[in-house]
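Engineer: Mind looking over this structure? Questions follow.
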Amino acid sequence: MDLAFTPEEIAFREEARRFFHSEIPQAIRDKVAEGEGLTRDDMITSQRILNARGWATPNWPVQWGGQDWSPVQVYMYQDEMQQANVPPPIGFNVTMVGPVIAQFGNEQQKQYFLPKTANADIFWCQGFSEPGSGSDLASLRTRAEHKGDKYVINGQKIWTTLAQYADWIFCLVRTDLAAKKQEGISFILVDMKTPGITVRPIVTIDGGREVNEVFFDNVEVPDENLIGQENKGWDYAKFLLGNERTGIARVGASKAKVARIKELASMERVGDRPLIDDPRFREKLAAVEVELKALEMTQLRVVADERQREKGKQNPASSILKLKGSVIQQQLTELLMDVVGPYVLPYQRDFDGRNEPVIGPDYATEAAPMYFNYRKVSIYGGSNEIQRNIVAKAILGL
Amino acid sequence: MDFDLTDEQRLLKDSVDRLIADQYQFEQRKKYIAEPDGWSQAVWQQYAEIGLLGLPFAEAHGGFGGGPVETMIVMEAFGRGLVLEPYFATVILGGGLLRRAGTPTQQQALLPQVAQGKLKLAFAHVERQSRYDLADVATTARQDGAVWVLDGAKSVVLHGDCADRLLVTARVSGDRRDRMGIGLFMVDPAAAGVSRRGYPTQDGLRAAEVALSDVRVPQDDTLDDSGGALPAIEHVVDEAIAALCAEAVGAMQEMHETTLEYLKTRQQFGRPIGQFQVLQHRSVDMLVALEQARSMAMFAAVTAAEQNATERRRAIAAAKVQIGRSGRHIGQEAIQLHGGIGMTMEYKVGHHFKRMTMIDKLFGDADAHLETLARLGGLFGKAQAA
Ligand SMILES: Cc1cc2nc3c(=O)[nH]c(=O)nc-3n(C[C@H](O)[C@H](O)[C@H](O)COP(=O)(O)OP(=O)(O)OC[C@H]3O[C@@H](n4cnc5c(N)ncnc54)[C@H](O)[C@@H]3O)c2cc1C
C-alpha cells in the first residue's frame, strides 16, 4: 500500500491545474464558485476551450477524441477541474449520449454526432423520466410508432434539465407495447426543432429554471436516428447510467466548497471574533471534512480498482460514492447558510438586471437557494433510496 | 397537569382553523403574494374581525387578554397555511414591545389601532454585524434637547416595508455589545432621514433594509431611553420564538400529512410507494420528529410568560433547538420522499420547507440556541463545582 503518486502523475496534476486556472475564464469560474447559474454561452465557451485541447471528452474512445488516461489521471483531471470551479463539460453530451453513440451508434451517426457533441455544437438534453416513471423508469410510456422510414412520437417527458438550451434530446421511447417492459424500449435521438415538440419550464423551489416538461405531439423522427437496435434501448440506458462512475462523488467540488466556506467564515464575524474561530462552527466543518477525506480515499480505492475492471460494467461502489457524495454536498450548503446567518433571508434572484446593490454580504445571495436546490442531488440520477436498493441487492443477494 | 384546551381556546382554534381552511388554500396564497403588498389586505381585515390582531393585548387596549397558549393556537394554524400577512411582525413583535416596553400613553394610543387592523408595526433591530446577538447594537441615539436623534442601519426588518411605525433599537450609551445602554424608539418611516428598501424573503414573505440618518424622534415616541430596554426586548423575543415554534409545528405537520398522502397515492413499480418499508419507516421517523417538536413548542408556550429570565431562556432555547432540528429533518425528508415534484414551486411542500428553513434563521438558529442552553447549564441536574 502506497498512497504516493508517481512523478508523472504529479506532473499531470500540475499541468491540469495550470490549464484550468489559466484557460477557463475567471468570470465563469467565479459563477461556479458562487453557485450562480451559468448561461448557455458560459457552458459552451468552457467546453470548447476544453475540447480544443482534447480535454472535453477524455472518457471517450481515443479514436473519437478520448484520452488514453489511467484511472488516476481521470481522477486528477476531475478533481482539479472541480476544485478550480471549472464547469464540467455538459454531462448529457460527454458522460451520457456521447459514449452511447460511440459504443452503439452506426458509422454515420458517429461521424455526424460525435465531433459536434464533443465541441458542444450540439447541446443535448436527456429525455428519460416521465410523470409516471421516475424511479421505475422502465414503465415509461412515451410511444414511438415505426411508420415507413419514420418514428412518430407521442407522449411526455419531465424533469428534462436544460431542455430550454438543448438542440437535441436523447429519449427512451416505447416501441413495443406487447413485450416485457424493459424489452419494448428504444433509444432515439430527436432534433428539438422538430414540429410537435413543446417545452414548458418548471420552476424549482430555489426560483431557478433548470428543469422542464417536454411534450411530444405526433413528432416525426427519421428512423436513421434510432441508436442500435429497436427494443434494445434499455441495455443502452443501463450502459449510459453505468458510465458515470467516480465523478459522481463530486469530491473536488466539495473541496472547493470547504475552501470557500473557510474563506467566508474568516471574514464573517460573530461578536468580536471571526466565525471560523467559533468552536461549534469549526468543529461542524471539520466533521464534514473528515467525511470528505474518507470519501476521497474511497474514491481513490475505486479508481485503483477500475484498472482491473471491464469497461461499461457498473461498479456497485459507485452507489456508495453517490450516497455519501450527495449528502456531503448537501451538508456543505447548510454550512454556507450558517456562515451567512440572518442574511440568508433576502430573496435577491429576481433583482437580476436591476443593478441594485446586494443586500448584506455579496456571498449571501446564493446561500439559501443553493441549499434548496441541492436537495436534488439525492433525488436525481437514481435516488438515494434506489442506490441503497442496488447495494442491498448486491450484498444480500436476496 | 392538563394538556386540554379550555372551551374558549377551542373556539379560537376552530375559528382560526376554519379561516385558514377557507382563505389559505395553496392557490389562494399564490394570489395574495401577487398583490401589491405581497399579502392580502382583505384577509388582514378578517383577522381583525375575529379578534386575532388584538389577541394578546389587555381588554383595556382593545384586546382579548390572550396568553402564549392562545398565540400558539393561532400561529400553528398560520404555519399550516403559510400565512403571508405581517401578523408576527405587527402583533407578536411590535405589539409585544409596546406591551412590555411602551408607556401607558403609548399603549393606550396604539394597541387599539393595532387590534383594529389600522396600524402595522415592525421591529427594526438586526444590524449588519449583529447576527443573533440581541445586545449587539451599533445604531446610535443622541439627545438634542427634548428629542433623540438616530443614526444607523437596520437589516432584514420583517415586514418593515409595509409597517406604519418602526420600533428601532439604538444605543443611548455604552459600547456596541454592552447589555446596558440600549434604547427603544418608535420611528415613522415617512420621517425625514428614514429610507427603506423592501424585498421578498426566501419564504415568500417580506422584509426591508432601513437606513436612519439624523432621524429625530419626538419625546412621545420614545419607548425607553433609560438604556435598560434589553430585558424587555429579550422577553418579547422569547415570546416571539415561542410563537415561531408553534408556526413551525404547523408547517411540519402539513409537510408530514402531505407526505403521507403522497406515499399512499404515488405509484411506482406497480404499487403505492408507501408500500416500500423503508419509506414507511422514514414517515414514522418524521412523525417522531414532529411530536418532539410539538411537545417543545408547548413547553415554550407555557414558559414564555415566565418572569425569571434564566428559566425562560433555557426553555425557549431548548425549544428552538428542537424546532430547528425537527424542522430540518422533516423538511428534507418531505422533499426526498416526494422525489422531483417536491422540488417545484408548483407544489406546496417546498414552500413549507423554505418557511421552516427561514424560521430556523430567525432570532438564532439551532446551533446558537444550543450554545445558549449549554452556557446556562442545560435543563436537568447540576454540574459539580470543581
Ligand atoms: C433537478 C432535477 C433534474 C433532473 N434532470 C433530469 C433529466 O435531465 N432527465 C431525466 O430524464 N430525468 C431528470 N430528473 C428526474 C430524476 O431522475 C427523477 O426525479 C428520479 O428518478 C426520481 O423519480 P421521481 O421524481 O418520479 O420520484 P419517485 O420515483 O416517484 O420517487 C418518490 C420517492 O419514492 C422513493 N422510491 C421509489 N421507488 C422506491 C423503491 N423501490 N424503494 C424505496 N424507495 C423508493 C424515491 O427514492 C423517492 O424518495 C431530474 C430530477 C431533478 C429533481
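The values are calculated or read from the model by the stated rules, or taken from the named source; none is laboratory data. This one's a predicted model, so the numbers in the text were calculated from it and none came from an experiment. Cβ placement follows ideal geometry from the backbone for every residue including glycine, while neighbour counts extend to all protein chains displayed.
Engineer: Looking only at region B:276-293, count how many residues are closer than 14 Å to B:ILE335 by Cα and near the ligand (Cβ under 10 Å from one of its atoms).
Structural biologist: 2
Engineer: While we're here: In the set B:LYS361, B:LYS354, which member is charged (D, E, K, R), over 21 Å from B:MET298 (Cα atoms), at the interface with chain A (Cβ under 9 Å from one of its Cβ atoms) and buried (at least 24 other Cβ atoms within 10 Å of the Cβ)? Full working, then the answer.
Structural biologist: Working: B:LYS361 fails: over 21 Å from B:MET298 (Cα atoms).
After applying the criteria, what remains is B:LYS354.
Engineer: Please report, ordered by residue number, the helices (runs of 4 or more DSSP H) entirely within region B:299-386 with at least 1 residues that are in the same structural domain as B:THR258 (by TED's automatic domain parsing) and within 21 Å of B:VAL83 (Cα to Cα). Talk me through it step by step, then tell me what you get.
Structural biologist: Numbers: elements: B:309-338, B:348-361, B:366-375.
Qualifying helices (runs of 4 or more DSSP H): B:309-338, B:348-361.
Engineer: Out of B:VAL236, B:VAL210, B:VAL194, which single residue is under 30 Å from B:TYR32 (Cα atoms) and within 14 Å of chain A (Cβ to nearest Cβ)?
Structural biologist: Numbers: B:VAL236 fails: within 14 Å of chain A (Cβ to nearest Cβ); B:VAL194 fails: within 14 Å of chain A (Cβ to nearest Cβ).
Testing whether each residue is under 30 Å from B:TYR32 (Cα atoms) and within 14 Å of chain A (Cβ to nearest Cβ) leaves just B:VAL210.
Engineer: Next up: Can you pull out the strands (runs of 3 or more DSSP E) entirely within region B:98-176 that have at least 1 residues that are within 20 Å of the chain's Cα centre (by Cα) and buried (at least 23 other Cβ atoms within 10 Å of the Cβ)?
Structural biologist: Details: elements: B:121-124, B:140-144, B:147-158, B:165-171.
Passing ranges, in order: B:121-124, B:147-158, B:165-171.
Engineer: Let me ask something else about it. Being aliphatic (A, V, I, L, M), touching a Ser or Thr at 6+ places or on another chain (Cβ under 8 Å) and surrounded by 20 or more Cβ atoms within 10 Å (Cβ to Cβ): is that true of A:VAL251 here? If you could, list the steps in order and put the result at the bottom.
Structural biologist: Details: aliphatic (A, V, I, L, M): yes; touching a Ser or Thr at 6+ places or on another chain (Cβ under 8 Å): no; surrounded by 20 or more Cβ atoms within 10 Å (Cβ to Cβ): yes.
Spelling it out, it is not the case that A:VAL251 is aliphatic (A, V, I, L, M), touching a Ser or Thr at 6+ places or on another chain (Cβ under 8 Å) and surrounded by 20 or more Cβ atoms within 10 Å (Cβ to Cβ).
Engineer: Go through (1) over 27 Å from A:SER318 (Cα atoms); (2) away from the ligand (no atom under 13 Å from the Cβ); (3) of a type outside the set (Val, Ile, Thr) for A:ASP235 and report which single condition fails.
Structural biologist: So the condition that A:ASP235 fails would be (1).
Engineer: Could you check region A:120-133 and list, in sequence order, the residues that are within 13 Å of the ligand (Cβ to nearest atom) and touching a residue at least 12 places away in the same chain (Cβ under 8 Å)? Quick ask: steps written out before the conclusion?
Structural biologist: Just the residues of region A:120-133 that are within 13 Å of the ligand (Cβ to nearest atom), to begin with: A:123-133.
If the condition is that a residue be within 13 Å of the ligand (Cβ to nearest atom) and touching a residue at least 12 places away in the same chain (Cβ under 8 Å), then A:PHE123, A:TRP124, A:CYS125, A:GLN126, A:GLY127, A:PHE128, A:SER129, A:GLU130, A:PRO131 are the ones that fit.
Engineer: Can you find a residue that is crowded, with 16+ Cβ neighbours inside 10 Å, of a type in the set (Asp, Glu) and closer than 21 Å to A:ILE248 by Cα anywhere in region A:57-70?
Structural biologist: no
Engineer: Hey, among the residues in region B:304-321 that are among the charged types (D, E, K, R) and within 10 Å of B:LEU376 (Cα to Cα), which one's nearest to the chain's Cα centre (by Cα)? Break it down into steps so the answer makes sense when it comes.
Structural biologist: Filtering region B:304-321 for residues among the charged types (D, E, K, R) gives B:306, B:311-314, B:320.
With within 10 Å of B:LEU376 (Cα to Cα) added as a condition, the list becomes B:311, B:313-314.
Details: B:GLU311: 21, B:ARG313: 16, B:ARG314: 18 Å.
Within region B:304-321, the match that is nearest to the chain's Cα centre (by Cα) is B:ARG313.
Engineer: Let me ask something additional. State yes or no: is A:THR204 more than 14 Å from chain B (Cβ to nearest Cβ) and either farther than 21 Å from A:LEU241 by Cβ or of a type in the set (A, V, I, L, M, F, W, C) (or both)? Break it down stepwise before answering.
Structural biologist: Values: more than 14 Å from chain B (Cβ to nearest Cβ): no; either farther than 21 Å from A:LEU241 by Cβ or of a type in the set (A, V, I, L, M, F, W, C) (or both): yes.
No.
Engineer: Of the residues B:ILE233, B:ILE241, B:ILE273, which is surrounded by 20 or more Cβ atoms within 10 Å (Cβ to Cβ) and near the ligand (Cβ under 10 Å from one of its atoms)? Steps first, answer last, please.
Structural biologist: On the way: B:ILE233 fails: near the ligand (Cβ under 10 Å from one of its atoms); B:ILE241 fails: near the ligand (Cβ under 10 Å from one of its atoms).
Matching residue, one of B:ILE233, B:ILE241, B:ILE273: B:ILE273.
Engineer: Same structure again: So for region B:333-346 (the condition being touching a helix residue (DSSP H, G or I) at 6+ places or on another chain (Cβ under 8 Å), more than 14 Å from chain A (Cβ to nearest Cβ) and of a type outside the set (A, V, I, L, M)), does at least one residue qualify?
Structural biologist: no
Engineer: Could you list, in sequence order, the residues of region A:386-398 that are near the ligand (Cβ under 10 Å from one of its atoms) and in contact with a helix residue (DSSP H, G or I) (Cβ under 6 Å, 6 or more places away or on another chain)?
Structural biologist: A:GLN387
Engineer: Identify all residues within region A:153-205 that are in a strand (DSSP E or B), aromatic (Phe, Trp, Tyr) and within 12 Å of the ligand (Cβ to nearest atom); write none if there are none. Before you say what the answer is, go through the steps one by one.
Structural biologist: Step one: of region A:153-205, the residues in a strand (DSSP E or B) are A:153-158, A:168-174, A:185-191, A:197-204.
Checking the rest, the ones that are also aromatic (Phe, Trp, Tyr) come to A:168, A:170, A:187.
Hit for region A:153-205 is A:PHE170, nothing else.
Engineer: Before we move on, is A:ASN212 outside the structural domain of A:ALA16 (by TED's automatic domain parsing) and either surrounded by fewer than 18 Cβ atoms within 10 Å (Cβ to Cβ) or more than 16 Å from the ligand (Cβ to nearest atom) (or both)?
Structural biologist: Details: outside the structural domain of A:ALA16 (by TED's automatic domain parsing): yes; either surrounded by fewer than 18 Cβ atoms within 10 Å (Cβ to Cβ) or more than 16 Å from the ligand (Cβ to nearest atom) (or both): no.
So A:ASN212 does not fit the description; no.
Engineer: What pairs can you find where one residue is in region B:105-130 and within 14 Å of chain A (Cβ to nearest Cβ), the other is surrounded by fewer than 19 Cβ atoms within 10 Å (Cβ to Cβ) and modelled with pLDDT under 95, and their Cβ atoms are less than 8 Å apart, with a gap of 6+ or different chains?
Structural biologist: Hits for this filter: B:GLN129/A:ARG269.
Engineer: Moving to a separate point now. Can you tell which of B:ASP14, B:ASP37 is among the acidic types (Asp, Glu), more than 20 Å from the chain's Cα centre (by Cα) and not assigned by TED's automatic domain parsing to the domain that holds B:HIS352?
Structural biologist: On the way: B:ASP37 fails: more than 20 Å from the chain's Cα centre (by Cα).
Only one candidate passes the filter, namely B:ASP14.
Engineer: Report the residue count in region A:361-385 for those that are within 10 Å of the ligand (Cβ to nearest atom) and among the aromatic types (Phe, Trp, Tyr).
Structural biologist: Within region A:361-385, the subset within 10 Å of the ligand (Cβ to nearest atom) is A:373-385.
After this cut, where a residue has to be among the aromatic types (Phe, Trp, Tyr) as well, the list is A:374, A:380.
Count: 2.
Engineer: Can you find a residue that is within 30 Å of B:ASP133 (Cα to Cα) and either within 14 Å of another protein chain (Cβ to nearest Cβ) or in a helix (DSSP H, G or I) (or both) anywhere in region A:224-243? Quick ask: steps written out before the conclusion?
Structural biologist: Keep residues of region A:224-243 that are within 30 Å of B:ASP133 (Cα to Cα), which gives none.
Taking every residue of region A:224-243 in turn, none turns out to be within 30 Å of B:ASP133 (Cα to Cα) and either within 14 Å of another protein chain (Cβ to nearest Cβ) or in a helix (DSSP H, G or I) (or both).
Engineer: Only one of (1) under 23 Å from A:GLY105 (Cβ atoms); (2) surrounded by fewer than 20 Cβ atoms within 10 Å (Cβ to Cβ); (3) in contact (Cβ under 8 Å) with a residue 24 or more places away in the chain fails for A:ALA163. Which number is that?
Structural biologist: Status for A:ALA163: all satisfied but (2).
Engineer: Taking region A:1-32, which residues are crowded, with 18+ Cβ neighbours inside 10 Å and within 30 Å of A:VAL203 (Cβ to Cβ)?
Structural biologist: Residues satisfying the conditions are A:ILE24, A:ILE28, A:ARG29, A:LYS31, A:VAL32.
Engineer: If a residue has to be without any contact (Cβ under 8 Å) to a residue 40 or more places away in the chain and under 26 Å from A:VAL100 (Cβ atoms) to count, how many in region A:197-209 make the cut?
Structural biologist: Initially, region A:197-209 is screened for residues without any contact (Cβ under 8 Å) to a residue 40 or more places away in the chain, giving A:197-201, A:203.
Narrowing further to those that are under 26 Å from A:VAL100 (Cβ atoms): A:197-199.
So the answer is 3.
Engineer: A further question follows. Residues in region B:78-99: is at least one modelled with pLDDT of 95 or more, closer than 22 Å to B:LEU223 by Cα and among the charged types (D, E, K, R)?
Structural biologist: Step one: of region B:78-99, the residues modelled with pLDDT of 95 or more are B:78-99.
Within this subset, residues satisfying the condition of being closer than 22 Å to B:LEU223 by Cα are B:86-99.
Then keep just the ones that are among the charged types (D, E, K, R); that gives B:99.
Yes, region B:78-99 contains a residue that is modelled with pLDDT of 95 or more, closer than 22 Å to B:LEU223 by Cα and among the charged types (D, E, K, R).
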